[in-house]
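Here's the structure we're looking at; comments come further down.
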Amino acid sequence: GLGLRRIGARGVLLDELGVGDGGIVREAVKHPGVREVHLVEIDGQVIEICRKFFPNISCELDNPRVKVHVEDGIEFVKNVKDPYDVVIIDSSEPIGPGIGLFTQEFYRSVSKALAPDGLMVAQTESPFYNQDVIKMAWSGISATFPIAQLYLAAVPTYPSGLWSLTMGSKKYNPLEVRSDRFQGISTKYYTPDVHWAAFSLPRFVEELLR
């Protein structure tokens, strides 16, 4: 996740369904500046199934820096006492219980759970097929955080192959990252050039944010 690359001490991963596979955890612990990663998954069976069938993805769930919480992410974030530097929300679609992870009320709870210089990032669906979702998330995040940015990534297994993520930050602007902040860790997709390019949006995506 972008935030864990930039500032580091602690991070919390929130989800109703999806982050239990451990993929974000695996990438987060690559960064030596990250002291703790808290994974929150509502369904413990998701975690166990991913441990069994997707070991290459869930391989860092037993890392000593990782703490796993089988809880409802919405309730978990309401009760945070020790603020986090980064919150990453890899949520399911905004259908049924998942709708609560796309509301301004939830984003306000996330903001309260963050340190004064903290930031969050959420997956916000396909700009081709889920434009209403992007508008809803952008409205809530941009109203809650002084800095909001939407960026894009190629995800071939998701509908349309083009996916959006939206970040809200209290202090750090991802377009103002110093070049010396890019760490030489092992990645298959992310590079400094990809970082800058991700925030260059096609016109039809820009228009969704107006």
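Per residue, how much accessible area does the chain have with a 1.4 Å probe, in Å²?
Numbers: 10300 Å² over 210 residues.
Ligands and nucleic acids excluded, the result is 49 Å² per residue.
For the chain, set up a Gaussian network in which alpha carbons nearer than 10 Å are linked by springs, and say which option among ILE57, ILE42, ILE185 fluctuates the most. Largest GNM mean-square fluctuation: ILE185. Between amide H atoms placed 1.01 Å from N, distances below 5 Å from LYS67 occur with VAL37, HIS38, LEU39, all of them 5 or more places distant or on a separate chain. For the range 153-192, trypsin sites (Lys or Arg not before Pro) are listed when DSSP marks them as loop and at most 14 other Cβ atoms sit within 10 Å of their Cβ; the list is LYS171, ARG178, LYS188.
What ³J(HN,Hα) values, in whole Hz, does the Karplus curve 6.51 cos²θ - 1.76 cosθ + 1.60 give for the range 182-189 when θ = phi - 60°, with x put for Gly and Pro? Here the 3J(HN,Hα) series is 7, 8, x, 9, 7, 9, 9, 10 Hz. Ranked by the mean number of other Cβ atoms within 10 Å per residue, highest first, peptides 154-161, 86-93 order as 86-93, 154-161. Of the beta bridges in the chain, as assigned by DSSP with both residues counted there, near 40 percent are antiparallel.
Excluding residues fewer than 8 places away in the same chain, name every one of the lysines whose C-alpha is closer than 17 Å to that of LYS170. The reachable lysines, counting only those whose Cα sits under 17 Å from LYS170, are LYS112.
Just from its helices, what would the mean residue ellipticity at 222 nm be for the chain, if runs of 4 or more DSSP H residues each count -39500 (n - 2.57) and the sum is divided by every residue, rounded to the nearest 500 deg cm²/dmol?
On the way: 8 runs with 64 residues, N = 210.
Calculated from helices alone, the mean residue ellipticity at 222 nm is -8000 deg cm²/dmol.
Using a 1.4 Å probe over the heavy atoms of the protein chains, calculate the carbon and sulfur portion of the accessible area of the chain as a whole percent. About 53 percent, which is the carbon plus sulfur part of the accessible surface. Karplus-based coupling profile of the range 64-78, in residue order and whole Hz: x, 7, 9, 10, 9, 10, 8, 8, 6, x, 5, 6, 4, 5, 5, with θ = phi - 60° in 6.51 cos²θ - 1.76 cosθ + 1.60 and x standing for Gly or Pro. Based on the alpha-carbon gyration tensor of the range 102-210 and its eigenvalue square roots a ≥ b ≥ c, which shape applies: rounded if a/c is under 1.5, prolate if not and a/b is larger than b/c, or oblate? Oblate, since a/c reaches 1.5 and b/c is not below a/b.
Residue-wise HN-Hα couplings along the range 54-61, as the Karplus relation 6.51 cos²θ - 1.76 cosθ + 1.60 with θ = phi - 60° gives them from phi, are 10, x, 6, 8, 8, 5, 9, 5 Hz; Gly and Pro carry x.
Accessible surface for CYS59 stands near 70 Å², nearest 10, in the context of the full protein assembly shown (1.4 Å probe). For LYS135, the aspartates and glutamates whose Cα comes closer than 19 Å to its Cα, not counting residues fewer than 8 places off in the same chain, are ASP90, GLU93, GLU105, GLU125, GLU206, GLU207.
Could you tell me which of rounded, prolate or oblate describes the chain, using a ≥ b ≥ c as the square roots of the eigenvalues of the alpha-carbon gyration tensor, with rounded for a/c under 1.5 and, failing that, prolate when a/b is larger than b/c and oblate otherwise? If you can, show how the numbers build up before the last one.
Numbers: a/c = 1.25, a/b = 1.15, b/c = 1.08.
Here the chain falls in the rounded category.
First measure r as the distance between the Cβ atoms of ALA115 and PHE182, then evaluate 1/(1 + (r/R0)^6) with R0 = 30 Å and state the FRET efficiency to the nearest 0.05. Intermediate values should be presented prior to the final figure.
Working: r = 22 Å, r/R0 = 0.74.
Once the sixth-power term is evaluated, E becomes 0.85.
The values are calculated or read from the model by the stated rules, or taken from the named source; none is laboratory data. It should be emphasised that the depicted structure is a prediction, and the values quoted were computed from it without experimental measurement. For neighbour counting, all protein chains shown are included, and Cβ atoms are generated from backbone atoms with ideal geometry for every residue, glycine included. Surface accessibility is based on the protein's heavy atoms, side chains included, excluding ligands, DNA and RNA. Shrake-Rupley method; radii C 1.70, N 1.55, O 1.52, S 1.80 Å.
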